[in-house]
Each structure stands twice: as C-alpha cells, then as structure tokens.
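Trainee: Quick one: this structure, given as structure tokens, is what I'll be asking you about.
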Amino acid sequence: MSNPTNLRYLPTHEWARLEGDIVTVGVTAFAIEQLTEPTYLELPPVGTAVKAGEKFGIIESYKSTSDLYSPVSGTVIERNEPLVDDPATKRKGDPKPVNDDPFGAGWMLKIRLAPGATLDHLLTAEQYDAQLASEGH
Amino acid sequence: MVPFGGWDMPVQYSGIAAEHHAVRTAVGVFDISHMARVNVRGRNAMALLEKVFTNAVATMKVGQVRYGLICNEQGGIRDDILVYRWSDSFSAVINASNRKKILAWLDQHREGEVTLDDRTFDTTMIAVQGPRAVDLVAGIFTDSVRSLKYYFARPLRYREVDGFISRTGYTGEDGFEVVVPSAVGRLLWEELIGGGAVPCGLGARDTLRLEAGMPLYGHELTETIDPLQAGLGWAVKWDKGPFIGRTALEAARTDTTRPVRLGLELDSPRAAREGCPILANGETVGTVTSGTLSPWLKKSVAMGYVRPALASPGTPLAVDVRGTLLNATVVPLPFYRRPKTT
C-alpha cells in the first residue's frame with residue numbers, strides 16, 4: 001500500500017497535509033480497508049478547537065464504529081460538508097468519497113494550526129509504512 | 001483477513017454492501033469451511049444426539065436437517081448446530097469457535113458404540129445463497145437439486161468424489177450449503193464464481209443474518225442464555241424425552257422475568273453495537289448483542305435482550321451509542337423476510 005509522502009500520519013491512521021498554517025485531515029486507505037466502506041460520519045462544527053491526539057469525530061461502517069483522532073491542535077475552519085448530515089435541510093451525509101478517495105475527495109476537516117503547533121510529532125509516510133508492515137499488513 | 005474462530009477469514013471481497021445486495025437479488029458464495037463438520041455414526045449415535053440436542057432426532061427422515069441447541073445442565077446454550085440424518089449416520093455442523101468444546105462434550109456424553117469423526121480439515125463447505133442459487137447449483141451438479149426441500153440434504157457426486165448438499169443457509173434467502181472433499185473445494189469455488197456468483201466475506205454474512213433475525217453464537221447465544229430467552233423455543237421439543245438442560249428449561253418456561261431477545265429499529269442512521277445499553281425512561285433495561293446499518297432496509301437495526309414486559313413490538317426504547325441516546329422502537333423479528341416466489 002502506498003501512502004503519499006507529502007502527508008504526515010497518526011498511528012491511528014489519520015493523515016495531515018500542511019499548506020501555510022492550514023492542515024487538511026482525513027483517514028488513510030489502510031483505515032478504510034480495515035473499517036470497510038463508511039456508512040456514517042460525525043465531524044465537529046466549524047469553530048471547534050481540536051487537540052493533537054484527541055477525539056474529533058466518529059466513523060461508522062456496516063462492520064464497526066471507530067473514533068477519529070486529530071493529528072494536530074488548532075481550530076476547525078472548514079468541513080467536507082457533503083460527507084455529513086445537515087440537520088437544517090435534513091440532507092443526508094454521504095461518506096462515499098472517504099471510501100473511494102481517502103487521500104483526496106474524502107478529506108474531512110481543514111484545521112488552522114494553533115499558535116506554536118506543528119506536525120513534527122506525526123509519522124512520516126516511511127514511518128507509517130513501517131508501522132503497517134510491523135503489524136503484519 | 002481477520003482471525004475468526006481460529007481461522008483467517010476475509011471480511012469482504014468487493015465490499016459489504018455490494019456482496020449483501022448480490023445475495024438479496026442474485027447469488028453470492030461464502031467459504032464457510034471454518035464451520036466444524038463432524039460425522040456421528042455407530043449403533044448409539046442417535047441416542048447420543050437425542051441426549052445433547054434440544055430438537056428431536058428420532059423423528060427425522062433420512063435426508064432431513066434440523067436446527068437445534070446443545071445446552072448445559074442449566075439450560076444455557078453451549079452451541080447452536082445443524083444435525084443431518086443420513087441412512088447410516090449423522091452429520092453435525094458446529095460453530096468454528098465451539099468445535100473443540102462440542103467435540104469434547106459429545107465425547108464425554110457418548111455411551112456404547114459411537115464414532116465421532118471430525119471432517120472439518122479434509123472437507124470444504126461453501127454456502128451458495130440468493131434467488132439465483134438454485135439455477136447455479138442445478139447447472140453445476142444435477143437438476144434434481146431443484147426438488148430438494150428446505151432443510152433437506154442429499155449426497156452428491158462432484159468431479160468423481162463424494163460430498164453432500166443441503167437447502168440451508170444463514171442469509172434469509174433461498175440457497176444451499178455444499179460440502180466436498182478439500183481437494184476439489186477450490187475448483188468448486190471457482191466454478192461457482194465462473195457461473196456468476198459473487199464471493200462474499202464475513203461482513204456480508206453478518207449483515208445478512210442480522211436482517212434475517214438469525215442469532216450468532218457469542219452474541220445472541222451464550223452459556224448463560226437459554227433457548228427460550230433467545231426465541232428458539234421452536235427448536236426445543238418437549239415430547240422427545242430427556243436431554244441435557246431439559247429440567248432447567250422446564251422450570252424456566254413459566255418465568256416471565258428473564259430477558260428475551262428482541263429486534264430494535266433505531267431512529268438514526270447510526271449503528272448500535274454489541275454492549276450498547278438499552279434504556280426505558282432513562283433507566284438501563286438491557287443490552288444490545290448485535291447491530292448494524294441494514295444494507296438492504298437502509299435502517300439501523302439491532303438485536304438485544306430486555307425483559308418480556310418491554311419486548312412487545314411498538315414499545316419505545318432508547319439505545320446509548322457511545323454516550324448519545326438514540327430513540328428506538330421494538331419491531332418483530334426478522335427485520336427482513338424474503339418475498340415468496342415459489
């Protein structure tokens with residue numbers, strides 16, 4: 001499995017991509033393979049403060065339910081809205097892009113880094129590949 | 001691949017939803033070789049089965065298959081199994097996770113002349129399930145399987161070797177389960193797929209059985225749940241004579257306070273999982289044993305246990321899903337019943 005080298009990773013299979021002080025967050029293709037196709041996603045509203053390593057949401061599949069962990073500390077400035085339910089219009093969220101393109105169209109959040117926050121603690125693609133290999137995948 | 005009852009098994013091939021829909025609308029195949037297959041023969045084979053099995057054995061016709069439970073002395077479920085009656089022996093199909101436990105139990109309770117022959121590792125078992133299953137198996141084996149009745153079996157020849165086929169399954173659809181020697185197992189698997197069957201993994205097996213309201217050992221069925229609580233009273237025969245657990249079950253028949261298995265439909269797309277508390281008026285009244293978003297019904301469904309007074313269809317309850325209370329309503333099982341076509 002090839003994990004993009006321009007991303008950084010949490011051992012819990014979330015990825016982070018830094019552009020300026022904005023970090024885009026999603027889950028890896030490996031996470032989706034383990035979870036199977038997502039059926040429901042819960043993401044925090046724009047403006048929520050998130051902390052590195054702490055839970056920010058929930059992802060469900062036919063098979064299981066898992067927590068999602070934030071790779072970085074900061075403030076949510078944007079969500080991938082079509083993925084989640086919109087109570088105002090009663091539109092149902094469709095998490096299919098997370099299944100089909102987890103590193104691209106399936107992104108979940110954009111987070112503005114908290115002052116002084118970095119991605120230095122996250123795994124590189126090489127380290128994440130090594131983790132998957134050591135777990136026997 | 002995931003570990004399951006000592007086997008490595010695929011959760012999915014093409015995707016749980018796609019596999020699930022293939023079984024509901026066409027035909028899917030499942031490699032269920034993990035299920036334990038034991039041949040029971042000898043002069044006292046029937047007596048052993050009558051002693052450990054809640055369903056009746058003596059009244060079975062040759063070629064008939066019966067579902068039932070193996071209970072402990074307290075009436076708790078040690079396993080749910082299928083018994084096949086052949087002209088000169090019986091076969092038992094046992095859950096993978098319970099294979100050693102049940103083999104030891106059978107060995108412990110046999111008297112007189114009984115041979116227990118574990119065929120799990122030299123045979124392959126494949127389930128062929130869905131409305132098109134009958135055409136597929138008739139084409140591969142013999143047209144006469146079309147006349148095989150539900151819960152009946154017959155011996156089979158496939159590529160010069162002997163096996164058997166039954167009209168049984170764990171999906172709520174019409175279908176068959178086939179056992180052949182391992183040497184031809186792969187050929188049969190490939191021939192079924194070549195004939196249009198969609199390979200299905202454990203994920204779809206679970207969502208299909210859940211929609212069909214079928215219990216899974218280790219979830220709905222355990223050593224501390226009895227068949228009456230589990231809604232399997234139909235598989236306990238009171239007119240058959242003594243069997244292990246009978247005395248405890250007779251006493252339990254009139255007890256209306258013990259939790260019973262029920263179906264829940266949630267007012268949310270979120271899935272209730274095993275262990276989620278079930279609440280009534282803010283108080284915990286039971287526990288979910290299995291739950292998922294139903295790929296066919298597109299509703300969140302779950303099974304669990306609550307006391308009978310709260311288990312009537314229409315009763316409003318709630319499920320605590322990771323700290324979020326979701327409204328749920330008791331609904332009759334099964335959640336899905338296949339349309340009658342023949």
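The values are calculated or read from the model by the stated rules, or taken from the named source; none is laboratory data. Fair warning: this is a prediction, and the values are worked out from it, not measured in the lab. Cβ: placed from backbone, ideal geometry, glycine included. Neighbour counts: every protein chain shown. Areas reflect the complete protein model, heavy atoms only, side chains present, ligands, DNA and RNA absent. Shrake-Rupley method; radii C 1.70, N 1.55, O 1.52, S 1.80 Å.
Trainee: Looking at (1) farther than 23 Å from residue B:204 by Cα; (2) crowded, with 22+ Cβ neighbours inside 10 Å, which is the only condition residue B:293 fails?
Mentor: All conditions are met except number (1).
Trainee: Same structure again: Which residue is surrounded by the most Cβ atoms within 10 Å (Cβ to Cβ), if the candidates are limited to the stretch B:148-163 and must be touching a residue at least 24 places away in the same chain (Cβ under 8 Å) and not in a loop (DSSP other than H, G, I, E, B)?
Mentor: Selected residue: B:153.
Trainee: While we're on this one: Here are B:69, B:48: which of them is under 25 Å from residue B:216 (Cα atoms), over 20 Å from the mean Cα position of the chain (by Cα) and open to solvent by less than 40 Å² (accessible area, probe 1.4 Å)?
Mentor: After ruling out the rest, the residue left standing is B:48.
Trainee: Additional query: Being in contact with a helix residue (DSSP H, G or I) (Cβ under 7 Å, 6 or more places away or on another chain) and within 12 Å of another protein chain (Cβ to nearest Cβ) is the filter here; which residues of the stretch A:20-37 pass it?
Mentor: A:32, A:36, A:37
Trainee: Against the conditions (1) within 20 Å of residue A:12 (Cα to Cα); (2) in a strand (DSSP E or B), where does residue A:77 fall short? Just the number, please.
Mentor: Among (1) within 20 Å of residue A:12 (Cα to Cα); (2) in a strand (DSSP E or B), residue A:77 violates only (1).
Trainee: Now for a different question. Could you figure out which of (1) small (Gly, Ala, Ser); (2) more than 23 Å from residue B:241 (Cβ to Cβ); (3) at pLDDT 95 or above isn't true of residue B:144?
Mentor: Unmet for residue B:144, out of (1) small (Gly, Ala, Ser); (2) more than 23 Å from residue B:241 (Cβ to Cβ); (3) at pLDDT 95 or above: (3).
Trainee: Right, something else. Being within 12 Å of another protein chain (Cβ to nearest Cβ) and either of a type in the set (Phe, Trp, Tyr) or closer than 12 Å to residue B:212 by Cα (or both) is the requirement here; does residue B:321 meet it?
Mentor: In short, no.
Trainee: Any residue at all in the stretch B:6-24 that's more than 12 Å from every other protein chain (Cβ to nearest Cβ), open to solvent by less than 30 Å² (accessible area, probe 1.4 Å) and more than 14 Å from residue B:204 (Cβ to Cβ)?
Mentor: no
Trainee: Mind checking whether some residue in the stretch A:38-54 is in contact with a Gly (Cβ under 6 Å, 6 or more places away or on another chain), away from chain B (no Cβ under 13 Å) and among the hydrophobic types (A, V, I, L, M, F, W, C)?
Mentor: Taking every residue of the stretch A:38-54 in turn, at least one turns out to be in contact with a Gly (Cβ under 6 Å, 6 or more places away or on another chain), away from chain B (no Cβ under 13 Å) and among the hydrophobic types (A, V, I, L, M, F, W, C).
Residues are listed down the side, and each one gets a yes or a no for (1) open to solvent by less than 50 Å² (accessible area, probe 1.4 Å); (2) of a type in the set (Asp, Glu); (3) more than 18 Å from the chain's Cα centre (by Cα):
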position: B:146; (1), (2), (3): no, no, yes
position: B:165; (1), (2), (3): yes, no, no
position: B:170; (1), (2), (3): yes, no, no
position: B:184; (1), (2), (3): yes, no, yes
position: B:200; (1), (2), (3): yes, no, no
position: B:222; (1), (2), (3): yes, no, no
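Trainee: Within the group B:241, B:245, B:263, B:282, which residue is of a type in the set (Gly, Ala, Ser), loosely packed, with under 12 Cβ neighbours inside 10 Å and in contact with a strand residue (DSSP E or B) (Cβ under 9 Å, 6 or more places away or on another chain)?
Mentor: B:282
Trainee: Moving on. Tally time: how many residues in the stretch B:1-29 are in contact (Cβ under 8 Å) with a residue 60 or more places away in the chain, more than 17 Å from residue B:338 (Cα to Cα) and outside any loop (DSSP other than H, G, I, E, B)?
Mentor: Going through the stretch B:1-29 one residue at a time, the tally reaches 8.
Trainee: I'm trying to understand the selection: among the residues of the stretch B:95-136, which are open to solvent by 10 Å² or more (accessible area, probe 1.4 Å), β-branched (Val, Ile, Thr) and either part of a helix (DSSP H, G or I) or outside the structural domain of residue B:83 (by TED's automatic domain parsing) (or both)?
Mentor: Residue satisfying the conditions is B:134 alone.
Trainee: Follow-up question, since we're still on this one. Taking the residues in the stretch B:277-318 that are of a type in the set (A, V, I, L, M) and within 14 Å of chain A (Cβ to nearest Cβ) as candidates, determine which candidate is nearest to residue A:59 (Cα to Cα).
Mentor: Among those that are of a type in the set (A, V, I, L, M) and within 14 Å of chain A (Cβ to nearest Cβ), it is B:293.
Trainee: Which condition number does residue A:90 fail, the rest of (1) open to solvent by 30 Å² or more (accessible area, probe 1.4 Å); (2) closer than 17 Å to residue A:15 by Cβ being met?
Mentor: (2)
Trainee: Tell me whether the stretch A:110-119 contains one or more residues that are under 19 Å from residue A:13 (Cβ atoms), over 12 Å from the mean Cα position of the chain (by Cα) and either surrounded by 15 or more Cβ atoms within 10 Å (Cβ to Cβ) or within 14 Å of chain B (Cβ to nearest Cβ) (or both).
Mentor: Yes, the stretch A:110-119 has at least one match.
Trainee: Of all residues in the stretch B:191-209, how many are within 14 Å of chain A (Cβ to nearest Cβ), farther than 10 Å from residue B:11 by Cβ and not basic (Lys, Arg)?
Mentor: Final tally of qualifying residues: 3.
Trainee: Yes or no: residue B:337 within 17 Å of residue B:225 (Cβ to Cβ), under 23 Å from the mean Cα position of the chain (by Cα) and open to solvent by 10 Å² or more (accessible area, probe 1.4 Å)?
Mentor: Judged against the criteria, residue B:337 is not a match.
Trainee: If I ask for residues that are within 12 Å of chain B (Cβ to nearest Cβ) and in contact with a Phe, Trp or Tyr (Cβ under 8 Å, 6 or more places away or on another chain), which ones from the stretch A:60-84 would you list?
Mentor: The one that is within 12 Å of chain B (Cβ to nearest Cβ) and in contact with a Phe, Trp or Tyr (Cβ under 8 Å, 6 or more places away or on another chain): A:60.
Trainee: Run down B:309, B:328 and say which single residue is more than 21 Å from the chain's Cα centre (by Cα), more than 27 Å from residue B:171 (Cβ to Cβ) and open to solvent by less than 90 Å² (accessible area, probe 1.4 Å).
Mentor: Every option except B:309 fails the conditions.
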